[in-house]
1. Would you please report the Å³ per residue occupied by the convex hull of the alpha carbon atoms in the chain?
2. For the stretch 28-135, compute Rg over Rh where Rg is the Cα radius of gyration and Rh is the Kirkwood radius from the inverse mean 1/r over Cα pairs.
3. Give the value in nm², to one decimal: projected area of the alpha carbon convex hull of the stretch 20-81, averaged over all directions.
4. With Cβ to Cβ distances under 15 Å as the rule, what net charge do the other residues near L57 carry (K, R +1; D, E -1)?
5. Along Cα→Cβ, 7 Å out, is where each label goes; now give me the distance between the ones at A137 and L182 in nm to one decimal.
6. Relative contact order for the stretch 18-173 using alpha-carbon pairs under 8 Å, separation at least 6, rounded to a whole percent?
7. Per DSSP H run of at least 4 residues, take -39500 (n - 2.57); add these up for the chain, divide by its residues and hand me the 222 nm value, nearest 500 deg cm²/dmol.
8. Excluding V24 itself, what net charge comes from residues whose Cβ is under 14 Å from its Cβ, given Lys and Arg +1 and Asp and Glu -1?
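The numbers here are math on the coordinates, done by the rules we state, and not lab data. All values derive from a computational prediction rather than experimental measurement. Ideal geometry is used to build each Cβ from the backbone, glycine not excepted, and the neighbour counts take in all protein chains shown.
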Amino acid sequence: MSGTELGRIAAAVEARRRSSQARVQRVHDALVQLARQKVPITYPLVARRAEVSRTFLYENAHARALMADALARDTSRRQHNQEIADAQEETSWRQRALNAEDALKQAMSEIQTQRERIAVLMGEIRDLQQEISPQAAQRIVAANTALQQRVRQLTQGNQRLEERLKAARSNSRFADRRIAQLEAQVLGQSGHLPGPPD
């Protein structure tokens, strides 16, 4: 094998090595970017971002090691986030349960208060029913009927008085106008109002 062929082979090997290093670097950059964005790591996604084949990710030792580390970190991060979410959800449920328990205690207290009030009112009703005899009830009904009749009479009387008042006011206005007309006539005839007699 000549020196020229060896030189070509060495150049091809070097070019392949540089290309491989460049692809590994793109894989590294893609993984850093995905970790910063907190995007789940998958082989297809990394291959697309790094513009390499999935086969390269599996076959190249450096790329495979980078993927393994990134997947381990991603799994750990997701587990940690899930634990935090679970803890927050548990705290939220615990708080809701405490709030519901407080609301239930208040409702039960209000119900008890209302029951006691109802019992007192029912007792008062029973006392009233026992105290009033049928004769007393009849007297109360008769008195109530008489009072209602008296109210109707007073209302009618009030209406009649209002009608009389309106009529009196109307008569008063008519009389004022008539007096003004008569005074104007007297002034027109004598030029002055008659004075009081000496």
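1. Convex hull of Cα atoms, per residue: 534 Å³.
2. When Rh is taken as the Kirkwood radius, the ratio is 1.71.
3. 3.6
4. +1
5. Distance between the two pseudo-spin positions: 6.8 nm.
6. Averaging sequence separation for qualifying contacts and normalising by length gives 14 percent for the stretch 18-173.
7. -32500 deg cm²/dmol
8. +3
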